[in-house]
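Here's the structure we're looking at; comments come further down.
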Amino acid sequence: MCLYRYKAVVSYDGYSYQGFQAQIGEETIEGKLNEAFKNWLSYEVKVVGSGRTDKQVHALGQVIHFDLENEIEANGVKRALNSFLPVDIRILEVTRVSSSFHARFDAKKKEYRYRFSLRPDDVFSYRYAPYFKNLDYDLMLEASKAFLGTHNFKGFCSADIDPNKDLNKTIYEINLIKEDGFMVFSFIGNAFLKYQVRRMMGLLIEIGRHKESPDRITYVLEKQDPKLSHKVAPGYGLTLYKVWY
């Protein structure tokens, strides 16, 4: 059977979901995409994402690919999927691609952004930006430079990560962006491990609260023990912002 491959950019509010990856009995982004395809086409479609975001993590520019049995105009695919998806998951763009395209393996770099609220009583931001009192953002930015370059990030990933996985990742840029009522850390790298950005931010938060020394980052990188980074920042502050190919 001839299959037709499509690439799609997906945006979602992850606060009410147990992450991207489909899980039996749980509400997930992939699960909702699978349901949408089944309800639309009456057959199952395998969705492949650029990566798996964690519980409550959002996406502005998640990328997926999938194969359809019939060639359908790209905008028609977009309209159809959005009509079957919940309002907190939106298909932003669909394009026909070569059958060799792979959303995960062809990704060249990704940007994640972590947002902090500067307003403790803002009921409209609690799903997207945690508030921490008196964070020293300048110190956090200066300390974060220790993450730049290529490192083994075992100390900043999930303790149950596949031991055969390549734990060496490269971070190209780290920026601090000031928005109205928010401070945003941007991380651009070739790839990221499970919990990596959240563990990095967890330690940066402790540094920003003057409870840890900036030297702690280098120490954890050298020791390669995730127990040493200990803090994991809340998932709802994190957004997969963009994927480059």
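The values are calculated or read from the model by the stated rules, or taken from the named source; none is laboratory data. Fair warning: this is a prediction, and the values are worked out from it, not measured in the lab. Every residue, glycine among them, receives a Cβ derived from its backbone with ideal geometry; neighbour counts consider all protein chains shown. Ligands, DNA and RNA are excluded from the accessible area calculation, which covers all protein heavy atoms including side chains. Shrake-Rupley method; radii C 1.70, N 1.55, O 1.52, S 1.80 Å.
Can you give me the number of residues within segment 111-126 that are touching a Ser or Thr at 6+ places or on another chain (Cβ under 9 Å) and open to solvent by 50 Å² or more (accessible area, probe 1.4 Å)?
Within segment 111-126, residues that are touching a Ser or Thr at 6+ places or on another chain (Cβ under 9 Å) and open to solvent by 50 Å² or more (accessible area, probe 1.4 Å) number 3.
Regarding segment 179-196, can at least one residue be identified that is closer than 15 Å to Leu228 by Cβ and touching a helix residue (DSSP H, G or I) at 6+ places or on another chain (Cβ under 9 Å)?
Yes: one or more hits.
Please work out which residue is most open to solvent (accessible area, probe 1.4 Å), limiting yourself to segment 189-212 and to residues that are more than 20 Å from Val243 (Cα to Cα) and among the basic types (Lys, Arg).
Lys211
Considering only residues of segment 213-245 that are over 30 Å from Phe101 (Cβ atoms) and among the polar types (S, T, N, Q), which is surrounded by the fewest Cβ atoms within 10 Å (Cβ to Cβ)?
The selected residue is Ser213.
What number of residues within segment 151-169 are among the hydroxyl-bearing types (Ser, Thr, Tyr) and more than 18 Å from the chain's Cα centre (by Cα)?
Count: 0.
Considering every residue within segment 143-150, establish whether at least one is more than 28 Å from Arg119 (Cα to Cα), open to solvent by less than 80 Å² (accessible area, probe 1.4 Å) and under 17 Å from the mean Cα position of the chain (by Cα).
no
Being modelled with pLDDT of 95 or more, among the hydrophobic types (A, V, I, L, M, F, W, C) and under 17 Å from Ser98 (Cβ atoms) narrows it down to one of Val57, Val10, Val48, so name that one.
Step by step, each of Val57, Val10, Val48 is checked, and only Val48 is modelled with pLDDT of 95 or more, among the hydrophobic types (A, V, I, L, M, F, W, C) and under 17 Å from Ser98 (Cβ atoms).
Here is a list: Asp180, Asp166. Which entry is without any contact (Cβ under 8 Å) to a residue 12 or more places away in the chain, open to solvent by 10 Å² or more (accessible area, probe 1.4 Å) and under 28 Å from Gly49 (Cα atoms)?
Asp166
Can you pull out the residues in segment 106-125 that are part of a loop (DSSP other than H, G, I, E, B) and either closer than 29 Å to Lys169 by Cα or free of Cβ contacts under 8 Å to residues at least 60 places away in the same chain (or both)?
Matches in segment 106-125: Asp106, Ala107, Lys108, Pro120, Asp121, Asp122, Val123, Phe124, Ser125.
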